[in-house]
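> Dropping a structure here in structure tokens format, bear with me for questions.
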Amino acid sequence: MMEKRIYCLFLAVVFLNTNLLWAADEDRIAELEKKLEAMQAAYEGRIESLEARIVELESKNVGTPTDNTSDRDKSTGTAIVSSTERQQPTLPDPPKVYSVEWMQQYANALQAMQQQQYQRIQTENDAWNFDFEGYMRSGFGINSYGNTMNVFQAPGSGAKYRLGNEAETYLETTFSIHMPKSALPDGVTFDTQIRLAYVIPHDQSNSANTETSLREAFGIARGVWAEQPQAGFWAGQRFYSRYDVHMNDFYYRDMSGYGGGVEDISIWDGSAMLSVALLGGSADDLDSSGTQYDRDDYQLNMNTIDIGLTEMDMFGGKVAFYGTFSDFNGDTFTESNSGNVLELTDSEGLAANFIYDLDLTDTISNRFVAQYGQGAASNFRALMVAPTGLITTGNEKIDVDDFKKVRLLNSILLDDGSPWSYEGLLMYEDGNYGVSGSSRNKWFSAGFRPTYHFDRYWSLAFEAGFDYTDNDRGGSGTLGKITIAPQISPDSKQMSRPVLRAFLTYAWWADDFEGSIGGSDYADSRDGFTTGIQLETWF
């Protein structure tokens with residue numbers, strides 16, 4: 001840039017010199033040349049200083065304000081106009097003949113840019129920054145009888161394959177507030193977050209209830225521990241240590257609850273990150289995936305200490321270990337449908353989780369999970385919930401110390417933007433739900449979702465899911481489900497969202513499950529289908 005200006009100034013000098021020579025006044029020429037050289041040097045120095053200052057200001061700024069950033073006056077809370085909404089100064093167009101006047105205009109414009117850049121940075125540093133994000137799925141479907149769609153899920157399973165098999169509208173809205181940078185030292189942040197959820201189940205009549213839930217309300221501070229500047233101290237109610245398989249929306253570990261703790265403590269010379277949390281579970285009408293609990297699935301409080309070691313480089317990938325201790329003080333619960341009274345005993349329990357993430361290639365990722373839990377910690381949650389497969393036959397004493405669960409899981413994702421992308425899952429679970437006599441529930445699940453992308457926007461997804469369950473009190477059997485779904489999304493990737501899709505789903509199940517799958521419309525059937533449309537997005 002400087003070479004160009006010097007060259008232009010040189011041309012200006014030559015031009016002026018030529019005109020002065022025509023005047024044939026050598027003394028006047030010499031005097032003007034000296035003045036021009038002085039002005040050139042002065043403006044070059046001024047332009048160079050202004051350019052350096054703009055670069056310095058830009059290096060200190062953290063990006064430009066985004067659409068979801070709200071600048072507010074910290075004393076009044078009223079919105080202020082961001083720099084992107086003000087009139088931006090522009091540099092003058094290069095003239096046909098360079099002159100001192102143009103150089104002065106150029107320097108003045110640079111100075112205005114410097115001042116506005118400084119004001120913008122000050123405004124952003126003084127602003128209470130606001131972020132908004134969320135998740136939503138919504139649509140409508142009908143079954144083969146022309147009634148509102150049903151879901152197909154095997155009794156004794158903890159999840160269902162979700163493509164074309166979700167019968168609700170669910171919305172999560174997350175609001176985050178960040179303290180102004182000017183109010184805190186460099187590297188220190190104080191953030192507050194709340195998350196509201198709304199769910200409306202599809203129903204043939206108006207008997208379904210719309211649920212609203214406050215799912216998060218917590219604060220977190222970072223940069224306050226000098227030896228561990230990245231560590232975060234938090235307190236409140238939050239989503240915590242959640243792991244799921246997207247294809248069947250199964251949260252195999254979800255320690256969300258009320259409490260507090262510290263996370264991202266660097267240990268062992270930075271080779272691992274430590275987190276410690278004290279958690280208390282509380283009743284919530286929504287499960288981890290946002291679906292309403294059945295009225296007879298109890299959710300009771302217990303106290304938990306959870307310790308995690310994450311970000312460890314092992315076996316060519318990343319490994320995480322979690323250890324959990326839970327204490328449950330016993331409780332009673334009355335089933336609303338049957339009137340059965342369940343007496344749950346006191347229990348202390350331990351759980352261990354091993355999670356191994358391996359990127360097989362740049363575009364293929366694989367996760368292997370091994371979990372074991374017993375007693376109060378057997379469900380890998382921060383609250384006591386009815387164990388998978390629980391079947392009661394009357395008033396029951398449930399020995400929580402007898403709860404046990406072993407789970408092995410492997411999921412894979414290929415998502416490289418080529419014509420094909422894939423999701424896959426293999427899982428086995430064996431649990432005991434603590435009633436007298438034999439009370440084991442086994443669950444095996446396998447699923448595959450390939451998607452063919454015709455171009456950037458149009459794709460065709462196919463999902464096949466298979467579940468087998470074996471319950472000591474409820475029999476055993478299989479459920480198969482296939483779905484085909486033409487889709488529109490912003491990019492040719494498996495996880496590109498938002499996605500608009502139409503779907504056709506067909507399911508079939510074993511004799512033992514007749515009357516237990518598909519709702520009242522399929523009470524006497526062993527197969528069924530649904531069709532509809534759906535939007536799914538996160539933002």
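The values are calculated or read from the model by the stated rules, or taken from the named source; none is laboratory data. Everything quoted here is computed from the prediction, not taken from an experiment. Methodologically, a virtual Cβ is constructed for each residue, glycine included, from the backbone with ideal geometry; neighbour enumeration extends over all protein chains shown. Heavy atoms of the whole protein, side chains included, go into the accessibility calculation; ligands, DNA and RNA do not. Shrake-Rupley method; radii C 1.70, N 1.55, O 1.52, S 1.80 Å.
> Cβ contacts < 8 Å: first residue over 20 Å from GLY139 (Cβ atoms), restricted to segment 197-217; second residue in a strand (DSSP E or B) and acidic (Asp, Glu), any location; separation 6+ or different chain. Result?
Hits for this filter: ARG215/GLU172.
> Separate question: Taking segment 194-209, which residues are surrounded by 11 or more Cβ atoms within 10 Å (Cβ to Cβ) and assigned to a loop (DSSP other than H, G, I, E, B)?
HIS202, ASP203, GLN204, ALA208, ASN209
> Out of (1) surrounded by 16 or more Cβ atoms within 10 Å (Cβ to Cβ); (2) over 30 Å from ASP327 (Cα atoms); (3) over 24 Å from the mean Cα position of the chain (by Cα), what's the single condition that is false for GLY431?
The number of the failed condition is (2).
> What about GLY134, is it in contact (Cβ under 8 Å) with a residue 60 or more places away in the chain and surrounded by fewer than 17 Cβ atoms within 10 Å (Cβ to Cβ)?
yes
> Scan GLY339, GLY290 and give me the residue that is in contact with a strand residue (DSSP E or B) (Cβ under 6 Å, 6 or more places away or on another chain), modelled with pLDDT under 95 and in a loop (DSSP other than H, G, I, E, B).
Answer to the selection: GLY290.
> Restricting attention to strands (runs of 3 or more DSSP E) lying wholly within segment 343-423, give those where 3 or more residues are closer than 26 Å to SER516 by Cα.
396-398, 404-414
> State which residue pairs qualify: first residue within 16 Å of GLY156 (Cβ to Cβ) and inside segment 472-485, second residue assigned to a strand (DSSP E or B) and of a type in the set (Lys, Arg) in any location, beta carbons under 6 Å apart, and separation of 6 or more residues or different chains.
ASP472/ARG440
> Would you point out which residue out of TRP443, TRP458 is under 30 Å from GLY394 (Cα atoms) and among the hydrophobic types (A, V, I, L, M, F, W, C)?
Going through TRP443, TRP458 in turn, the sole match is TRP443.
> Shifting gears a bit: What's the total number of residues in segment 133-171 that are basic (Lys, Arg) and not in a loop (DSSP other than H, G, I, E, B)?
The total comes to 1.
> Could you count how many residues in segment 295-329 are open to solvent by less than 30 Å² (accessible area, probe 1.4 Å), free of Cβ contacts under 8 Å to residues at least 40 places away in the same chain and not in a strand (DSSP E or B)?
Residues in segment 295-329 being open to solvent by less than 30 Å² (accessible area, probe 1.4 Å), free of Cβ contacts under 8 Å to residues at least 40 places away in the same chain and not in a strand (DSSP E or B): 0 in total.
> Any residue that is open to solvent by 30 Å² or more (accessible area, probe 1.4 Å), in contact (Cβ under 8 Å) with a residue 60 or more places away in the chain and in contact with a His (Cβ under 8 Å, 6 or more places away or on another chain) - is there at least one of those in segment 494-515?
Within segment 494-515, one or more residues are open to solvent by 30 Å² or more (accessible area, probe 1.4 Å), in contact (Cβ under 8 Å) with a residue 60 or more places away in the chain and in contact with a His (Cβ under 8 Å, 6 or more places away or on another chain).
> Separate question: For segment 231-285, which positions are open to solvent by less than 40 Å² (accessible area, probe 1.4 Å), free of Cβ contacts under 8 Å to residues at least 60 places away in the same chain and aromatic (Phe, Trp, Tyr)?
TRP234, PHE239, TYR251 - these are the residues of segment 231-285 that are open to solvent by less than 40 Å² (accessible area, probe 1.4 Å), free of Cβ contacts under 8 Å to residues at least 60 places away in the same chain and aromatic (Phe, Trp, Tyr).
> Being acidic (Asp, Glu) and touching an Asp or Glu at 6+ places or on another chain (Cβ under 8 Å) narrows it down to one of GLU168, GLU216, GLU172, GLU211, so name that one.
Answer to the selection: GLU211.
> Now, a different point. Looking at segment 349-372, I want the residues that are at pLDDT 95 or above and have a partner that is open to solvent by 40 Å² or more (accessible area, probe 1.4 Å) and outside any strand (DSSP E or B) with Cβ atoms under 7 Å, at least 6 apart or on another chain. Which pairs are those?
So the pair list comes out as TYR356/PHE315; LEU358/GLY316; ASN366/LEU360.
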